[in-house]
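Visitor: Can you read through this structure? Questions will come right after.
The values are calculated or read from the model by the stated rules, or taken from the named source; none is laboratory data. Computed from a prediction, not measured in an experiment: that's the story for all the values here. When we count neighbours, we look across all protein chains shown, and the Cβ atoms used for this are built from the backbone with ideal geometry, even at glycine. Quick note on the areas: whole protein, heavy atoms, side chains included, nothing else; ligands and nucleic acids left out. Shrake-Rupley method; radii C 1.70, N 1.55, O 1.52, S 1.80 Å.
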Amino acid sequence: QVQLVESGGGLVQPGGSLRLSCAASGSIFSIYNMGWYRQAPGKQRELVAGITSGGITNYADSVKGRFTISRDNANNMMYLQMNNLKPEDTAVYYCNFYVQQIRLLTWGQGTQVTVSS
């Protein structure tokens with residue numbers, strides 16, 4: 001079984017940047033399609049960005065051009081570089097498998113991102 005631990009969140013001003021990290025252990029990380037998700041208060045969890053085992057990326061329209069997902073298979077790590085952050089980006093961010101049906105996933109603690117002036 002795989003374990004995923006998110007880190008790197010914090011408080012940042014609008015227009016600022018953060019880089020989130022996801023550390024994977026307990027499985028063969030390199031073969032999985034992975035993604036970053038987020039959940040804001042009162043909203044459903046949503047996919048922010050996905051990356052396949054082959055490195056193909058996909059982004060939600062709301063973050064396209066601002067966020068970059070990447071992975072380092074040699075170190076079992078995944079990242080989300082977030083630039084030009086907006087208050088609407090405020091949410092708890094999670095890493096997990098990149099799948100069609102997210103209700104099949106289980107979730108860790110996530111990392112809080114707060115964008116505020």
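Visitor: How many percent of Cα pairs in segment 21-117 exceed 20 Å?
Guide: For segment 21-117, the fraction of Cα-Cα distances above 20 Å is 33 percent.
Visitor: Through the Karplus equation 6.51 cos²θ - 1.76 cosθ + 1.60, θ set to phi - 60°, convert the phi angles of segment 45-53 into ³J(HN,Hα) values in whole Hz; use x for Gly and Pro.
Guide: Going residue by residue, I get 5, 9, 6, 9, 7, x, 9, 7, 4 Hz, with x marking Gly and Pro.
Visitor: Related question: So if I take the centroid of the Cα atoms in segment 80-110 and the same for segment 62-79, what is the distance between those two points in Å?
Guide: Going from one Cα centre to the other spans 12 Å.
Visitor: Report in % the part of the accessible area of the chain that belongs to carbon and sulfur, leaving out ligands and nucleic acids; probe 1.4 Å.
Guide: Within the chain, the accessible surface is 46 percent carbon and sulfur.
Visitor: Taking θ as phi - 60°, what are the ³J(HN,Hα) couplings along segment 8-20 by the Karplus curve (6.51, -1.76, 1.60), each to the nearest whole Hz, with x for Gly and Pro?
Guide: Once rounded to whole Hz, the list reads x, x, x, 9, 9, 6, x, x, x, 9, 9, 10, 8.
Visitor: Please build a GNM for the chain, connecting alpha carbons under 10 Å apart, and tell me which residue among Ser17, Ser30, Ser62 fluctuates the most.
Guide: The residue with the greatest mean-square fluctuation here is Ser62.
Visitor: Determine the sum of side-chain charges near Trp107: Lys and Arg each +1, Asp and Glu each -1, restricted to other residues whose C-beta is under 14 angstrom from that of Trp107.
Guide: The answer is +1.
Visitor: Each residue of segment 26-42 in turn: what ³J(HN,Hα) in whole Hz from Karplus with 6.51, -1.76, 1.60 and θ = phi - 60°, glycine and Pro shown as x?
Guide: x, 7, 8, 4, 5, 8, 9, 6, 10, x, 10, 10, 9, 9, 9, x, x
Visitor: Amide H of Gly16 versus every other amide H placed in the peptide plane: which residues, excluding those fewer than 5 positions away on the same chain, fall under 5 Å?
Guide: Placed amide hydrogens put Leu85 under 5 Å from Gly16.
Visitor: Which percent, nearest 5, of DSSP beta bridges in the chain are antiparallel?
Guide: Percentage antiparallel, nearest 5: 90.
Visitor: Cβ under 15 Å from Ala60's Cβ, Ala60 left aside: what net charge do those residues give with Lys, Arg +1 and Asp, Glu -1?
Guide: +2
Visitor: Calculate, for the chain, the solvent-accessible area per residue in square angstrom, rolling a 1.4 angstrom probe over the heavy atoms of the protein chains.
Guide: Solvent-accessible surface per residue comes out at 56 Å².
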